[in-house]
Amino acid sequence: NAGVTQTPKFQVLKTGQSMTLQCAQDMNHNSMYWYRQDPGMGLRLIYYSASEGTTDKGEVPNGYNVSRLNKREFSLRLESAAPSQTSVYFCASSRDPFATNEKLFFGSGTQLSVL
Amino acid sequence: DQQVKQNSPSLSVQEGRISILNCDYTNSMFDYFLWYKKYPAEGPTFLISISSIKDKNEDGRFTVFLNKSAKHLSLHIVPSQPGDSAVYFCAKRPPGANSKLTFGKGITLSVRP
């Protein structure tokens, strides 16, 4: 049972470099999410995709782009990395975006450092 | 506007005793509340939830209490075990289609053997 798989687990970038964080889920979930976790800030939503073919901004979308490649995969791209984007990134998925009691299932995270 | 507040960043308790983790929230009376647990180098995992129509929900050693008049949520762990040492996030989701979870900053629980 893989659940939600994120790659890479660790990444170091220089300011201005670009990269894509990959996420895939094998639970046939409809919705997928990208969060970032910073010390003392909790989990903040960057972007989400309620269903295949749709994406929407979350709380902190600036500096990021996303692609919902298919139902399984949801990638997060940093076009020009900045030190402020140093964080731990979590991908999550859920079955039904319209159910109030819906739970999120998280990947194990990507530790990103931008120097 | 911080909609979910976990004002105590850390808590340390003795093994076997009760752990009480607190959470305050603002806005809607009809939100749905969840607690997530996170170990180092792992993603958060769902622990327990409660609907706004309930005052209490219990699952084994874990009980969540909801005080709607005070807009306060608490997670009780009895008895606490060293394996409970983790970061605990309180989260809420308002009613309505496609609404999003809002997380608190988290509380680091340490259970001393």
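Cβ-Cβ below 6 Å, separation at least six or inter-chain, first residue in region A:37-55 and within 10 Å of chain B (Cβ to nearest Cβ) and surrounded by 14 or more Cβ atoms within 10 Å (Cβ to Cβ), second among the hydrophobic types (A, V, I, L, M, F, W, C) and part of a strand (DSSP E or B): which pairs?
Hits for this filter: A:Gln37/A:Leu43; A:Gln37/A:Val88; A:Gly42/B:Phe103; A:Leu43/B:Phe103.
For B:Asn27, which of the numbered conditions (1) within 14 Å of chain A (Cβ to nearest Cβ); (2) modelled with pLDDT under 90; (3) at positive phi fails to hold?
Condition not satisfied by B:Asn27: (1).
I'd like to check something: does region A:60-77 contain any residue that is within 25 Å of B:Trp35 (Cα to Cα), within 13 Å of chain B (Cβ to nearest Cβ) and under 14 Å from the mean Cα position of the chain (by Cα)?
Looking for residues that are within 25 Å of B:Trp35 (Cα to Cα), within 13 Å of chain B (Cβ to nearest Cβ) and under 14 Å from the mean Cα position of the chain (by Cα), one finds at least one in region A:60-77, hence yes.
Tell me the residue from B:Ser69, B:Ser99 that is more than 14 Å from the chain's Cα centre (by Cα), away from chain A (no Cβ under 14 Å) and either within 26 Å of A:Ala92 (Cα to Cα) or open to solvent by 40 Å² or more (accessible area, probe 1.4 Å) (or both), please.
Numbers: B:Ser99 fails: away from chain A (no Cβ under 14 Å).
Criteria check complete, one pass: B:Ser69.
Just wondering, is there one or more residues in region A:17-29 that are open to solvent by less than 20 Å² (accessible area, probe 1.4 Å) and not in a strand (DSSP E or B)?
Yes.
For B:Lys92, state whether it is in contact with a strand residue (DSSP E or B) (Cβ under 7 Å, 6 or more places away or on another chain) and open to solvent by 40 Å² or more (accessible area, probe 1.4 Å).
no
Among the residues of region B:51-62, are any facing chain A (nearest Cβ under 10 Å) and farther than 18 Å from B:Gln6 by Cβ?
Quick first cut of region B:51-62, residues facing chain A (nearest Cβ under 10 Å) only: B:51-52.
Narrowing further to those that are farther than 18 Å from B:Gln6 by Cβ: B:51-52.
Yes, that holds for at least one residue.
For B:Ile48, are the conditions met, namely being in contact with an Asp or Glu (Cβ under 6 Å, 6 or more places away or on another chain) and touching a residue at least 40 places away in the same chain (Cβ under 8 Å)?
Judged against the criteria, B:Ile48 is not a match.
The values are calculated or read from the model by the stated rules, or taken from the named source; none is laboratory data. Since we're looking at a predicted model, the values are computed, not measured. In this analysis, Cβ positions are derived from the backbone assuming ideal geometry, glycine residues included, and neighbour counts consider all displayed protein chains. Accessible surface areas use protein heavy atoms only, side chains included; no ligands, DNA or RNA. Shrake-Rupley method; radii C 1.70, N 1.55, O 1.52, S 1.80 Å.
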